[in-house]
Amino acid sequence: MKTAKQIKMDEIRNLDIKHVASLKGHSGCVYAMDKGLSETTVFTAGGDKYIALWNLETLQAEKFAASLPESVYSICHIPEKRIILAGTTSGSIHIIDLEKKAEIKILQHHRAPIFDIKYSLKTNCFYTASGDGHFAVCSLDTLSLIKIKKLSKEKVRNIDFNYSTSEIAVALGDGNINVFDLNSLELKKGFDVHKLAANVVRYSPDGKFLLTGGRDAHLNIWQVENYELINSIPAHNWAIYDIVYNPDSTLFATASRDKTIKIWDAKTFQLLKRISKENFSGSHTHSVNKLFWSTYNNYLVSAGDDKMVMVREVN
């Protein structure tokens, strides 16, 4: 009879990760990534001022490229509106119509880099987080500003929604998280989550947990019912920049400035695999900035400061 520890070790050994491709094309650090035009594509953008579209089936760049006047820190593809939003280093938000293949609007209500853009069909709005300490809400219909809030003297870094509780969580550079009512935007809770900047917030797909990653390299798990801390894990050696769940919600991955990606059990929060240049071929040589877990072949796509977009199959 195997012990629980032996069974867990079997699970770790059975998690098979295969490097599929290293996609080359960007000439600068890659900071942003989002879903593409189909299940088999993904958008990326970064310091070279370009938005690229990659085909995960052919493992080649598609005949799509959007050039912007400055570095792109965040992108948000809104397929229902056939537009893509690009947040730049100066705080401008460029709105590109994918059917017209043209820029249709530029918003400039921020004065520092746009670190995150998210949208909600439930509220018919999109939301922006900026280094100027402001959090803004814009209409998906008019593509214009509805409301802007000053949340911190530090950067506003990341946004995520919990539709189970109708909440939106926002990560702040002072180490705090603000949780707002999704519909009214009234502050429900503000609390300290990291000793240094809070870089990323990610609700579990079932809405029961909030995962936060910080500049202090810790992965913190909060129970959403009362936002009680249930685990604080020294997950990386440097800042955590992204957290993403796999399509069936059984795993999640973290990306870090320490050049590694780690894969975790979504139920137990146990570490399953560490992906680094020491133990995996085709790993990042610099900071890993962004992750995307595709439904196509269960591909885990990563992007980083080494200008690379890497594709791995996780089974």
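When you filter the trypsin sites (Lys or Arg not before Pro) in region 25-129 for DSSP loop state and at most 11 other Cβ atoms inside 10 Å of their Cβ, you are left with LYS100, LYS101, LYS122. Over region 1-151, Cα pairs under 8 Å with separation of 6+ residues give a relative contact order of 12 percent.
Which entry in (i) 23, 53, 23, 0; (ii) 20, 30, 33, 17, 0; (iii) 34, 60, 6, 0 matches P(r) over Cα pairs in 20 Å bins from 0, in percent derived from the coordinates of this structure? Read-out from the structure maps to (iii). Taking all protein chains as shown and a probe of 1.4 angstrom, PHE115 keeps an accessible surface of around 40 Å². For LYS81, a cut-off of 20 angstrom between C-alpha atoms picks up these lysines, skipping any fewer than 8 places away in its own chain: LYS35, LYS100, LYS101, LYS105, LYS118, LYS122.
Approximating the spin labels as points 7 Å out from Cα along Cα→Cβ, the LEU121-to-ILE17 distance works out to 3.2 nm. When both region 47-101 and region 249-308 are represented by their alpha-carbon centers, they are found 22 Å apart.
Evaluated over region 232-315, the count of Lys pairs having alpha-carbon atoms less than 21 Å apart is 12 (only pairs 8 or more residues apart or interchain).
Solvent-free Debye calculation, one equal scatterer per alpha-carbon of region 38-111: log10 I(q)/I(0) at 0.18 Å⁻¹ equals -0.68.
The share of C-alpha pairs in region 70-113 whose separation exceeds 16 Å stands at 32 percent. Per residue, the average separation of C-alpha pairs within less than 8 Å and at least 6 apart gives the chain a relative contact order of 14 percent.
For ALA65 and ALA112, what does the FRET efficiency come to when R0 = 35 Å and r is the distance between their Cβ atoms, rounded to the nearest 0.05? The pair ALA65/ALA112 has a calculated efficiency of 0.85. The aspartates and glutamates whose alpha-carbon is closer than 18 Å to the alpha-carbon of LYS208, local same-chain residues fewer than 8 away aside, are ASP160, GLU167, ASP181, GLU225, GLU228, ASP248, ASP265. When the trypsin sites (Lys or Arg not before Pro) in region 212-315 are filtered for DSSP coil states and for at most 15 other beta-carbon atoms within 10 Å of their beta-carbon, the remaining sites are LYS267, LYS277.
Just to verify a number: what accessible area does GLU99 come out at with the full protein assembly present, 1.4 Å probe, Å² rounded to tens? For GLU99, the solvent-accessible surface is approximately 130 Å². Annotation note: GluC sites (Glu not before Pro) in region 140-236 located in DSSP loop regions with a Cβ neighbour count of at most 11 within 10 Å are GLU186, GLU225.
The values are calculated or read from the model by the stated rules, or taken from the named source; none is laboratory data. Quantities reported herein were computed from a predicted structural model and do not represent experimental measurements. So basically every Cβ, Gly included, is an ideal-geometry build from the backbone, and we count neighbours across all protein chains shown. What goes into the accessible areas is simple: the full protein's heavy atoms, side chains included, and nothing from ligands, DNA or RNA. Shrake-Rupley method; radii C 1.70, N 1.55, O 1.52, S 1.80 Å.
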